[in-house]
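Bear in mind these aren't lab numbers, they're just calculated from the coordinates by the rules spelled out. Just so you know, these numbers come straight off a predicted model, no measurement behind them. Every residue, glycine among them, receives a Cβ derived from its backbone with ideal geometry; neighbour counts consider all protein chains shown.
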Amino acid sequence: MLNGGVVFLKAARNDATPKNRFGAKTHARNSLKIAALIWFCLSGIPAFAQTLTVVRPSRHAQSHRLSDIRGGTPAVNGPTEIKLFRANRLKGTESGSGGGTLPDPTIQTSFGPLINATPGISFDGTDVFHAGYIPSDSNIAVGPNHIVETVNAAYTVYSKTGALLFGPNSIRSLWTGLGGACSASDGGDPIVQYDRAADRWMITQLGSLSNPYSECIAISTSPDPMGSYFLYSYDFGLYLNDYPKFGIWPTATNSAYLASYSLFLLASLPAGSEICAYDRAAMLAGQPDAMGLCYSGVIADVLVPSDTDGPTPPLDGTPGYFLNLYSYSSLALFKMTPNFAAATATLTQDSIGIASFSEAPPAPQPGTTTTLDSLGDRLMNRLAFRVFPDHESMVVNHSVAVGSRSGVRWYELRGPVSAGAGFSPYQQGTYAPDNSFRWMGSAAMDKAGDIALGYSVSSSTIYPSVRYTGRIPTDPLGTMASEASLWEGAGSQTGYSRWGDYTSMQIDPSDDCTFWYVNEYLPATHPYGWFTRIGSFKFSGCGATLPDFSLSANPASVALTQGNAGNSTITVSSAGGFSSSVALTVSGCPANTNCTLNPASVTPPDNGSAASTLTIATTATTPPGTYTLTINGNGSGHSTTVSLTVNPASSDFGISLSASTLTVNRGSNKALTVNVTKISGSSSVTLSVSGLPSETNGSFSVNPLTAPGSSKLTISTNRAASKGTYTVTVTGKYGSVSHTAAFTLTIK
């Protein structure tokens, strides 16, 4: 149960085996969801079954290069409006309503210090006259050399100087070779992402706004966004998969493309949300049956998936995160861990308390009574995730009421560097420094920990404009700096209230410092004449040496004989003023061996170093071989290795006899015991006897034998054996090692 007090009911049937959504099997899934909806309608309780479904593509193909695709853009006499679907409202009571409740305690009502950011370039992106739909749904992805923009319903490729390289083309043209709804119609809600870890591009949109519904996903086959794409279509049956959002989740195993959807039965009745983890490795390889693992009925409304920024991936095993604006004082964090090999997943949820708020009102414009939708009932694109040396952060935002106007509520959620330990608010604030309306934001972080926040601004005297603010780590928590203009609008939108429905703040992978933002504006008052503006900026402190540390080992290679111990010194060196405690762990220690670090935590001085001793203590039973010991600092991103070679101990043994003399009558036999003792190592000793006269032989009851052990030596004589006294030698041999013991044999 989350803070709002709503219990998420499970379906009566909760199979351990996930259901398949492919072909005719879609009907079973639809039946289960319809049953949940009947319960919803009759009881008034939002009862959604959290059901795991295995999905596979209904269609798969590979496109031609973009330059070979023929697909123009619509001629627009008037745009097509894509309907806004809404599910349940937020839970609980709004801050400032109902009497006696406290107002938003995080409001920043004045501008902070001058924003420490340098503007880059700014240029016009796509416009409604080349796209044909409203709202714009403007968003971008940034790679090493290109910017790709998607809007309703066109995609365009630019250089990072703003030069037009391709398009704008209708998005459906990308799926020309696939067939079906993806190539026949533009369902809208596009998302473009750059997968930094794979150096690939992803473009998605809805397949259709009429039954049957589907999701279209394209993955570039190379780093070139103007090359060919692997094309996929995934069916959603009777359920419109509205407002999809995607995140890149490049864990070492079970890496995924995370997706969230708001489901509506026949584009009408709310059916809860669905979250999916698509098999990233399979899609990057263009496999035709690339699996998706999807939980439906997760929660009543919109979720946003975690999207990795920066060069450091999440720790292996880290679940994909999905965040929901659950109530007027809480967030719901869902954690999904996929296992594509087993075609299964796990799902858990946390509640995160936040400062209370009220839902944002629509924004006014000059010279018209038409106001612009705030979409204050949901979190905005993106949930930007980043791994730092000593913590993980996620930043996200939504629009809230500040008196009679709107502001942007933003959060930095932090957790330890771990595989899913959890997050809590490190800081939060509502940016409303004057009487203007601010909404439709997007936030991200650079490698220095600076936060950038872009948004729309308007009022009765300010045309809808594109602006941004930000903060550096030394600013007071919960505050942003002053505001900068990316582009000022020069007109109002008089024919439609739709605005957004989302924007996109991205970080440039080339330096991990430059922010790129896209949002919409109007160059002149018009019923629907939106344009998009793309621009960049960079905080001046980013790119300097950041507080960080490194690990080294001396010696980096240790050779030991079984039963012995050795040491290596692990040095933690700081840089950029780092002076925090570093917890050290070691992994890879072989069986029957003790590997310890003393101390297990060190604190290097500013730009200095501190050391810990790694002690490796083997035993006589440590398996011989070569091992790699990995020493990690604070769990992720910082490690060093020690190569350990364990050699077998030199094997040795001793040999003795139970008697020093033995008397045997001719034609009979007698025995004595040969004892072999272990001195070191492991020995399989082969025994032999020499010095026996003719007509006499010796045999061992056990031969060879493993030390320690014993064997009976029997001396047998024939009647023709010669009487006399003889010196008989027993020899034990293992490899090149041999030992002897002798006794006196008398034959009578």
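Structural remarks
- The simple Förster model, with R0 at 56 Å and r as the Cβ-Cβ distance, assigns THR494 and SER680 a FRET efficiency of 0.05.
- The length gained on full extension between SER601 and THR645, counted as 0.36 nm times the residue separation minus their Cα-Cα distance, comes to 13.2 nm.
- Distance between modelled label sites at ASP68 and ALA583, nm, 7 Å Cα→Cβ extension: 5.4
- For segment 652-747, convex hull volume per residue from C-alpha positions, Å³: 73
- Taking each residue as 0.36 nm, the span from ALA524 to ASP350 lengthens on full extension beyond its C-alpha to C-alpha distance by 58.0 nm.
- Across segment 475-556, the mean sequence separation of Cα contacts (distance under 8 Å, 6 or more residues apart), normalised by length, yields a relative contact order of 27 percent.
- Förster radius 41 Å - calculated FRET efficiency between SER485 and THR545 (Cβ-Cβ, nearest 0.05): 0.85
- Based on the Kirkwood approach, the hydrodynamic radius assigned to segment 530-608 is 16.3 Å, with every pair of different Cα atoms included.
- A crude spin-label estimate for the pair SER710 and PHE85, with each label 7 Å from Cα along the Cβ direction, gives 8.5 nm.
- Using alpha-carbon coordinates, inclination of helix 26-43 to the longest axis of the chain, degrees: 60
- Simple Cβ-charge dipole of the chain, Lys/Arg +1 and Asp/Glu -1, about Cα centre, in debye nearest 20: 3320
- Option label - mean projected area of the Cα convex hull in nm² computed here, alternatives [x] 43.5; [y] 34.5; [z] 39.7: [x]
- Sites listed here are trypsin sites (Lys or Arg not before Pro) in segment 239-347 whose DSSP assignment is loop and whose Cβ has at most 10 other Cβ atoms within 10 Å, and the list is empty.
- Helix-only arithmetic for the chain: the sum of -39500 (n - 2.57) across DSSP H runs with n ≥ 4, divided by the residue total, places the mean residue ellipticity at 222 nm at -1000 deg cm²/dmol.
- Highest mean first, the peptides 557-569, 638-650, 198-210, 523-535 sorted by other C-beta atoms within 10 Å per residue fall in the order 198-210, 523-535, 638-650, 557-569.
- Highest mean packing comes first when the peptides 404-412, 115-123 are listed by Cβ atoms within 10 Å, giving 404-412, 115-123.
- Karplus 3J(HN,Hα) series, Hz, for segment 596-609 with 6.51 cos²θ - 1.76 cosθ + 1.60 (x for Gly, Pro): 10, 10, 9, x, 7, 9, 10, 10, x, x, 3, 6, x, 9
- Amide proton proximity set for LYS245, modelled H, under 5 Å, gap of 5+: SER260
- Its Cα centre serving as origin, segment 354-543 has a Cβ charge dipole (Lys and Arg +1, Asp and Glu -1) of approximately 220 debye.
- Amide H within-cut-off set for ALA197, under 5 Å, with H built and near neighbours excluded: none
- Relative intensity of segment 578-654 on a log10 scale, I(q)/I(0) at q = 0.17, 0.21, 0.22 Å⁻¹, equals -0.71, -0.94, -0.99, per a Debye sum over C-alpha point scatterers of equal strength in the absence of solvent.
- Per residue, the average separation of C-alpha pairs within less than 8 Å and at least 6 apart gives the chain a relative contact order of 10 percent.
- ³J(HN,Hα), Karplus 6.51/-1.76/1.60, whole Hz, each residue of segment 522-528, x for Gly, Pro: 10, x, 7, 4, 7, x, 8
- Stokes-Einstein diffusion of segment 110-183 at 20 °C, 1.002 mPa s viscosity, Kirkwood radius from Cα pairs, rounded to a whole number: 151 µm²/s.
- With 31 Å as the limit, the listed pairs LYS83/LYS160; LYS160/LYS335; LYS678/LYS748; LYS678/LYS723; LYS712/LYS748 have LYS83/LYS160; LYS160/LYS335; LYS678/LYS748; LYS678/LYS723 beyond it between alpha carbons.
- Highest to lowest packing among 379-390, 495-506, 421-432, scored as the average C-beta count within 10 Å: 379-390, 495-506, 421-432
- Legend: Rg and Dmax of segment 354-543, from Cα coordinates, 16.4, 53 Å.
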